[in-house]
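All remarks here apply to the structure that follows.
The values are calculated or read from the model by the stated rules, or taken from the named source; none is laboratory data. It should be emphasised that the depicted structure is a prediction, and the values quoted were computed from it without experimental measurement. No Cβ is skipped: glycine too gets one built from the backbone with ideal geometry, and neighbour counts run over all protein chains shown. Side chains are part of the model used for accessible areas, which takes the heavy atoms of the whole protein and leaves out ligands, DNA and RNA. Shrake-Rupley method; radii C 1.70, N 1.55, O 1.52, S 1.80 Å.
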Amino acid sequence: MQKFVCVHVHFYQPPQENPWFESVELQDSAAPYHDWNERIAAECYAPNATARMLDGEGKIASIVNTYSRISFNFGPTLLTWMKRALPEIHEALVEADMRSREKFSGHGSALAQVYNHMILPLANRRDKYTQVLWGIRDFEFRYGRKPEGMWLSETAADSETLDVLAELGIRFTILSPFQAKGVRELAAEKHWQDVNGGCIDPSRAYLCKLPSRREISLFFYDAPVSQAIAFEHLLDSGERFAGRLMSGFSDKRDWDQLVHVATDGESYGHHHRYGEMALAYALQHIESNNLARLTNYAEYLEQHPPTHEAQIHEGSAWSCSHGVGRWMANCGCNSGGHAGWHQEWRAPLRQALDWLRDQLAPRYEQMAAALFKDPWDARNDYIDVILDRSPKNVEKFFEKHGNHPLNDVEKVTAIKLLELQRHAMLMYTSCGWFFDEISGIETVQVIQYAGRALQLARDVFEQDLEPGFLDLLQHARSNIPEYQDGRLIYEKFVRPAMLNWEKVIGHYAMSSLFEAYGQRTHIYLYHFESEERQMHVAGKTRLAYGRVRVGFEIARESSVMDYAVLYMGEHNVICGVNPSSGAKPFQQATEEMRAAFDRSDYAEIIRLIDHHLEKPSYTLKTLFKDEQRKIINQIVATARDDVESGYRIAIERYLPLMNFLRDLHIPPPEPLQTAAEFILHADACRALSADQPDLDRVQPLLEQARAKQINIFDAELAYAVKTTLERMMQKLMTDPADVKLLRYIASLASLVRGTPLDLNLWKVENAYWGMLQSDFLKLKPKADQADPGAIEWTKAFLALGAQLNFAVKHLGAAA
């Protein structure tokens, strides 16, 4: 009897991109990171690609990519963000899959996933098919091979879902043991054995025979161990983790056994800090001690074909004990923490979205039939355009699917129709129902997708479906009185987010006062070409007006707009935008504005903007969030400088008194303590954010904070240190022979290591490890050859390793 272990990890975040420009906006709750994707990537996705293996003294002995030794899947929408924002992590996943093929008999460890985490048992067959096909195509695009297995959103399954998987060539999927209903031996086809309540033996693969006569293999993960990983602090110890995995084997079985677990990937590093290290250690412990053989599902399935057949509960999932009620009803499943809250809103939300889907489908089919050979085949293949929107690839798509050579106007309409269908699927992303409240960001996100679909429908069909949708959505009652229901939430959070040409140009016009745009500018999915522009400045006051052509990259359509914007200092900005009225009328308007500006008659300028431009209501509130924050930071910088100046005067005046009070162990007055913390923190952040911080300046600041018990060691300072060290290491990697820079980085690391800063230096450590493995070190003359330069460099390199907590006594030979 052989023992096999497989750890499956499901990595997923709900799509958070603004539906109108396909980028994740600033999320303050994720600070000091830009957004939650970026934060979780730093805490989880990247560390699992570079997990630290520690020696007995807690020093880093090696860095390993755990993905190559486990089974894993990433949500396609998350990978789309990752490839754009953090391509090095994306490439680490692809490399891990390649390595796993070498390790596991040619079978890669990556699994595909349903495209945007739709609960497939609640979808119609057409959406099931597209979601699975898009997941497969996305996988092939990234990993360069066909997937053998697919992860179902929330492991939600029914016979039709499994049939679609089998039809599209998927060999297996992973389910919860509580989804199993009955089992029997394949050979004997005896009566079904009841395995309800999670009683199925998880140590083997099972065959599921489908009504269509297709077949698919099923793996039912070990629920108790999986539960312990997520909720019982099993990741506090890699050795205990390994022991718990091994406890899944039983001497009572006389067949080769597979112990396998499945959990959310964010457990490994985000929910449980250093969880990726526990995982890496557990795998090494099992392998190095020959306790079991590591495998993945595809390899195990090839070597151990199913000997038993399984039945599943129709419409079941791993995170709802009521089937799939969590995504359609007030079933009682929730995230907890809100006593008295209900989820009655779930049913009317789904009903509203189902109504919208069913209103859009026949209209899409009818209009798309005039453009495509088969509208639904075109939708299925649209994933190829989503993955590569280059003009050449888009034309290839039209050549394949167009029922005649499409002109430019028809191509715009075609793309809008397909985008409408894309958003009509994105609006079913499972997280919209998972949590407790309809006004939560996940639910607002899916309603925004619906809003985008409604906007596109209004554009291409010239029909307004919004009133009917809102009539249904208003039955979704919020738990928070001020939000009332889905209709108000739509009005409050969705309608203001909608973009049109005027809003886009309003953003361009206002931001152009604070950024030096060239003739051609690119902002998110919009590109701008300035046809005419003038700006006038008088002190803080600025007036800009002009004409610009704006294009939307996805639909490949454009418009020419006139704009005028007046900035009067601080937050006072007013902007007007209008479709271009031609050169002569606009020239007359701008001449009048220029004359009023020369007289400093700002009220007259506002009146002229209101008179000549139909949309004068744009202010800083309507800017895209990232640009808004950037501009507001510029505006408030003056106020901050004023506050800082006042604090400095106060500290200089009362510093002797504060020192006297401190000698007497009397706490200084709170206002003075606040001023001291503010000034010291500002100085430290400024000093540590410099291109190359002056260590003689930084050291006394840190010592002063410790000596006077002034708390400046917060997330903002830690982020400044982290980014500075990352920048310096990047510079070193371009010129690794720079021993002076090497010594400097070691000194800076030593200086901050003795502080209570919570530093995440995984990028710095990864860079160091990469240098250790690089050809440069192999070519560098060895110290035993009596090369003074080599000796000096090696000492400096090892000194840096020591400051970064590497086990330098083991690295000396390599360096």
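Residues in the stretch 461-477 that are open to solvent by less than 20 Å² (accessible area, probe 1.4 Å) and either among the polar types (S, T, N, Q) or more than 30 Å from G336 (Cα to Cα) (or both): L465, E466. In the stretch 336-361, the qualifying residues are those that are of a type in the set (S, T, N, Q) and part of a helix (DSSP H, G or I), and the one that is least open to solvent (accessible area, probe 1.4 Å) is Q359. Considering H270, H285, the condition of being under 25 Å from L54 (Cβ atoms), open to solvent by 10 Å² or more (accessible area, probe 1.4 Å) and not in a helix (DSSP H, G or I) is satisfied by H270 alone.
Within the stretch 318-335, is even one residue touching a residue at least 12 places away in the same chain (Cβ under 8 Å), among the charged types (D, E, K, R), in contact with a strand residue (DSSP E or B) (Cβ under 9 Å, 6 or more places away or on another chain) and open to solvent by 40 Å² or more (accessible area, probe 1.4 Å)? No, there is no match, as no residue in the stretch 318-335 is touching a residue at least 12 places away in the same chain (Cβ under 8 Å), among the charged types (D, E, K, R), in contact with a strand residue (DSSP E or B) (Cβ under 9 Å, 6 or more places away or on another chain) and open to solvent by 40 Å² or more (accessible area, probe 1.4 Å). Taking (1) under 30 Å from D758 (Cβ atoms); (2) modelled with pLDDT of 95 or more; (3) polar (S, T, N, Q) in turn, Q227 satisfies each apart from (2).
Here is the figure for the stretch 362-379: residues that are in a helix (DSSP H, G or I), open to solvent by 20 Å² or more (accessible area, probe 1.4 Å) and not basic (K, R) total 6.
Here R549 fits the description: assigned to a strand (DSSP E or B), over 22 Å from K625 (Cβ atoms) and open to solvent by 60 Å² or more (accessible area, probe 1.4 Å). Just one of the listed residues (E160, E154, E189) is open to solvent by 40 Å² or more (accessible area, probe 1.4 Å), of a type in the set (D, E) and part of a helix (DSSP H, G or I), and it is E160. Quick one: is A676 small (G, A, S), open to solvent by less than 80 Å² (accessible area, probe 1.4 Å) and in contact with an Asp or Glu (Cβ under 9 Å, 6 or more places away or on another chain)? No. Against the conditions (1) assigned to a strand (DSSP E or B); (2) touching a residue at least 12 places away in the same chain (Cβ under 8 Å); (3) loosely packed, with under 15 Cβ neighbours inside 10 Å, V537 satisfies every one except (2). Every condition in (1) free of Cβ contacts under 8 Å to residues at least 60 places away in the same chain; (2) in a helix (DSSP H, G or I) is met by I666 except one, and the failing one is (2). Please specify each residue of the stretch 17-37 satisfying the condition of being assigned to a helix (DSSP H, G or I) and open to solvent by 50 Å² or more (accessible area, probe 1.4 Å). Those that are assigned to a helix (DSSP H, G or I) and open to solvent by 50 Å² or more (accessible area, probe 1.4 Å): D28, S29, W36.
When every residue of the stretch 385-405 is checked against the conditions, none turns out to be surrounded by 19 or more Cβ atoms within 10 Å (Cβ to Cβ) and under 16 Å from D127 (Cα atoms). Going residue by residue through the stretch 755-763, is there one that turns out to be surrounded by 18 or more Cβ atoms within 10 Å (Cβ to Cβ), modelled with pLDDT under 75 and not in a helix (DSSP H, G or I)? Checked against the condition, which is being surrounded by 18 or more Cβ atoms within 10 Å (Cβ to Cβ), modelled with pLDDT under 75 and not in a helix (DSSP H, G or I), the stretch 755-763 yields no hits at all. Being under 41 Å from the mean Cα position of the chain (by Cα), under 23 Å from W501 (Cβ atoms) and open to solvent by 60 Å² or more (accessible area, probe 1.4 Å) is the filter here; which residues of the stretch 562-605 pass it? Answer for the stretch 562-605, where residues must be under 41 Å from the mean Cα position of the chain (by Cα), under 23 Å from W501 (Cβ atoms) and open to solvent by 60 Å² or more (accessible area, probe 1.4 Å): just P579. Inside the stretch 478-517, residues that are open to solvent by less than 10 Å² (accessible area, probe 1.4 Å), under 28 Å from the mean Cα position of the chain (by Cα) and not small (G, A, S) make up a count of 7.
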